[in-house]
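What follows is a short report on a single structure.
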Amino acid sequence: MGDTDLNLAPHPDAFVPQLYRAGRVIRELHDTVTLELTPLSGPRPAFEPGQFNMLTVFGVGEAAISISGDPSEEAAFVHTVREVGAVSRAIAKLEAGAVAGLRGPYGKGWPVAAAEGSDVVIVAGGLGLAPLRPAIYRIFANRSRYGRVSILFGSRNPADLLYRHELEQWRQRLDVEIAVTVDHADASWRGNVGVVPSLIRRAAFDPHDTVAMVCGPEVMMRFTARGLLDAGLAGERIYFSMERNMKCAIGLCGHCQFGPDFICKDGPVLRYDKIAGIFAVREI
Amino acid sequence: MESLERILKEHPFFAPFAPEHLRLVTGCARNHRFAAGEYLFHEGAPANEFFLIRHGRVALEIAAPGKAPVIIETLHDGDIAGASWLVPPYRWMFDARALELTRAIGIDAACLRGKCDADHDLGYEMMRSVLTVLQKRLQATRLQILDVYGRH
Amino acid sequence: MNQALEVGAQAVVSLDGIEALIAALAAQGYTVVGPSVRDGAIVYGELTRLADLPAGWTDRQEAGRYRLDAREDGALFGFAVGPQSWKRFLQPPVETLWTAQKTEDGYAITAPQKPAPKYAFIGVRSCEIHAIAIQDRVYCEGPYRDEGYAARRNNAFVVAVNCSVAGGTCFCVSMQTGPKARAGFDLSLTELLEDGRHEFLVEAGSEAGAGLLRELPHRLASKTHLNIAEAVVARTASQMGRSLDTAGLKELLQSNPNHPRWDETAGRCLSCGNCTMVCPTCFCTTVEDSSDLSGDSSERTRKWDSCFTLDFSYIHGGSVRNTVRSRYRQWMTHKLANWIDQFGTSGCVGCGRCITWCPVGIDITAEAAAFRAAGTVKEDRHGES
């Protein structure tokens, strides 16, 4: 067809997964594991904090899983997976040495570079800490480029606190403020009890020069936005990581649309002020 | 009394109060210091003091027989501890235990209620401020019971 | 026959020229595809000769209604559009993406290697050319390209037809997508039935088209032919069954997610997805993995999907769009509003298929007009700044 120049230089087929071998599997919580995936051949692609991969268990299916590892470590992709369906259960059951498929990395990640020079508030709920962990690693690696850094993290109960040992290590640092809370305490819990947004009021940050990165269940993110806005933060400096049904992850299947945005290519990290209008509309 | 008035003014709850109202309230106020582990109040006891936390941490707890007490919320600097002193039958619904050295203002409830009855402008200010705190507390509590992190 | 015909040249052929066209394309290795009558509708399928075309047939289309009628003449293209579009060939309903075979130390993945088909499409309407261009943008201009689509698309030879009759549900004029095909074709035909003659004005739209035209029995077009052809198109343009006012429509739909009209239409919509199947621009697909019983061999298939299915938006144990209301709103808002943000144009080309093939006759032009008539519904902002 003469008229349309479709730029015929062949691209690799983005529908076909690369082969990766599962390495160490760490059980984080009763239903959550972290595993390493190393490419069978070739280098592991670089990724930005906040991006995700599509992981395939052959014969079972494919699911979108955020990358939760340190971007400066180049050998493997690290993923933290919670068992919520057939595919995630199959991924969580991969043994060391098993071969899986991987497509990615995809998506727009956290504004880690753009936040340099400002204070940073990281607000995570439940498994939301996983896609934020790469951003935390990157910020720690370049700590002097940022102002005050606060990490506010909450989960349902003490048994569901993700990366607990790492949180304790981070607490040892003198240059970051860590506040942890649970919605429901058990008898042995000595820490804070209450919802994550209640931690905002006591976090130290300059509302006129702060970038907030938020990830967790949508309801928790909505309340967190409210808390951040009440604290004086502008909507243009709050970033959410959104989630929707994903099939192709490359902008061709239509499933992940959230208003006009495709979560797979316009997100998953989206700026709050741009989505505030539809965020509270039911069933968008 | 003068330094107490200044202390009250520093607490976020009283920030929007007019000076003459603050003076009225100071008349019912006194300073408290609770050691770690000490109780501010117990469930079922008469709620005869309005506590505002200046520094420290306080756990709101419920104890069920045969079980260790469960913390349902942690209060911090700038928080107020409950509103049962304002609403009949004026009895505390929870235990409040200091988790660390805690300095608090205690305002005699009967005294304060009396002054609100006598000066309705003061009463209106008190109601408005308490209601604002409770509304935010209610929102947070509702988010808490939504159990958003539960199995999807 | 050897006159120098260039791009833009206009010639006239008779019925034998059309027969020759089909044969010449087949001789060049194309699978020739075009309209035929089957099962009471005009559908696209393989053509081997002139007689396969629906000569003497027209269609009567209205909201929720389609039927064929006999014409008094033997017009080859005297109808509007049927239930299918060319996306059926450019983006097949079922496509195997890859198969994986378990090996000793992992898996071996094979992507299908067969060469992309070479299609010659006969009878592509202007609205369909616009729809193909819209899908080109979706599949080829994003960060990742659909290689299969791109290959089939580049192989395709397009013979356009300028409509001589407007369908009852057509509104290409208000969408500025027809009825005359202005670009995007190798050859375009305008059927001329005048004074007992049955001829076709042919215009070459590309080098390939000009080359093919040279091989067909033809003569140069006269001013009269051009005038008749123009009149045909003008008459079609004046017969549009409907119109859609697009001015400000994007903002109107995007700012009214809670308009009561959505509830009204949801009361009628069956969520059957017909509209998405017949729409020439709808592109949603799903992927499914399957394996044999041993689990050693698995395959991933891509299939047409529809945003009207309940599990289209499934996450975390439930669907985001649980109600028919939200799914109809998604489809219409995407088609007429969000598409503009995503791809720079409306997603609708005014072909009218969704109106014709909706079992309850929901009419997208009437829906748009209803929103416009009611204006913006005053809503509480939810306090988000």
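Throughout, read-outs are computed from the coordinates displayed, never taken from laboratory work. Just so you know, these numbers come straight off a predicted model, no measurement behind them. Counting neighbours? That spans all protein chains shown, and the Cβs are built from the backbone with ideal geometry, glycine included.
Relative contact order of chain C: 22 percent, from C-alpha pairs under 8 Å at least 6 residues apart in sequence.
The modelled label-to-label distance between A:Ile26 and C:Arg197, using points 7 Å beyond Cα along the C-beta direction, is 8.3 nm.
Within the listed set C:Gly184, C:Gly106, C:Gly361, the residue fluctuating most in the Gaussian network model of chain C (springs between alpha-carbon atoms under 10 angstrom) is C:Gly106. Equivalent ellipsoid of the stretch B:2-146: semi-axes from √(5λ) of the C-alpha gyration tensor, largest first, are 25, 17, 15 Å.
Of the trypsin sites (Lys or Arg not before Pro) in the stretch B:1-72, the ones in a loop by DSSP (not H, G, I, E or B) with at most 16 other beta carbons within 10 Å are B:Lys67. When the convex hull of its Cα atoms is viewed from all sides, the stretch A:119-241 shows a mean projected area of 6.9 nm². Pairs of Cα atoms nearer than 8 Å and 6+ residues apart set the relative contact order; for chain A it is 17 percent. Cβ-Cβ distance of C:Thr301 and A:Glu166, R₀ of 51 Å, FRET efficiency by 1/(1 + (r/R0)^6): the value works out to about 0.80.
The charge dipole of the protein assembly as shown, taken about the Cα centre with unit charges on the Cβ atoms of Lys, Arg (+1) and Asp, Glu (-1), comes to about 940 debye, rounded to the nearest 20. Take every Cα pair under 8 Å whose residues are at least 6 apart in sequence, average their separation, divide by the length of the stretch A:64-172, and the relative contact order is 28 percent. Evaluated with a Cβ-only charge set (Lys, Arg +1; Asp, Glu -1), the stretch B:2-146 carries a dipole of roughly 260 debye about its Cα centre, given to the nearest 20. Annotation note: trypsin sites (Lys or Arg not before Pro) in the stretch C:35-107 located in DSSP loop regions with a Cβ neighbour count of at most 16 within 10 Å are C:Arg49, C:Arg71. Subtracting the Cα-Cα distance of C:Ala111 and C:Ala70 from their residue separation scaled by 0.36 nm leaves 10.1 nm. Among B:Trp85, B:Gly106, B:Thr132, pick out the residue whose Cα is farthest towards the positive end of the charge dipole of chain B, where Lys and Arg carry +1 and Asp and Glu carry -1 on C-beta, about the Cα centre. Checked the options; the winner is B:Thr132. Amide H to amide H, with H built 1.01 Å from N, C:Gly106 comes under 5 Å of no residue 5 or more places away or on another chain. A P(r) calculated from all alpha carbon pairs of the protein assembly as shown, with 20 Å bins opening at zero, reads 14, 36, 29, 15, 6, 1 percent. Per-residue Karplus couplings for the stretch B:92-102, computed as 6.51 cos²θ - 1.76 cosθ + 1.60 with θ equal to phi - 60°, are listed in order as 5, 9, 9, 8, 10, 10, 5, 8, 8, 4, 10 Hz, Gly and Pro entered as x. Taking C:Leu25, C:Leu253, C:Leu97 in turn, the Gaussian network model of chain C (Cα-Cα springs below 10 Å) assigns the largest fluctuation to C:Leu97. Annotation: amide H of B:Leu99 within the under-5 Å range of B:Gly37, B:Arg57, B:Val58, B:Ala59, sequence separation 5 or more or interchain, hydrogens built in the peptide plane. Net charge dipole, chain C: roughly 720 debye, given to the nearest 20, about the Cα centre with Cβ charges of +1 for Lys and Arg and -1 for Asp and Glu.
Using the Karplus relation 6.51 cos²θ - 1.76 cosθ + 1.60 with θ = phi - 60°, the per-residue 3J(HN,Hα) values for the stretch C:145-151 come to 9, 7, 5, x, 4, 4, 5 Hz, with x marking Gly and Pro. With K and R counted +1 and D and E -1, the other residues having a Cβ less than 12 Å from that of C:Arg137 yield a net charge of -1. Among C:Glu62, C:Glu46, C:Glu203, the residue with the largest mean-square fluctuation in a Gaussian network model of chain C, with springs joining Cα atoms closer than 10 Å, is C:Glu46. Simple rule: put +1 on each Lys or Arg Cβ and -1 on each Asp or Glu Cβ in the stretch C:249-374, find the dipole, and look at C:Gly361, C:Cys284, C:Ala373; the Cα lying farthest toward the positive end is C:Ala373.
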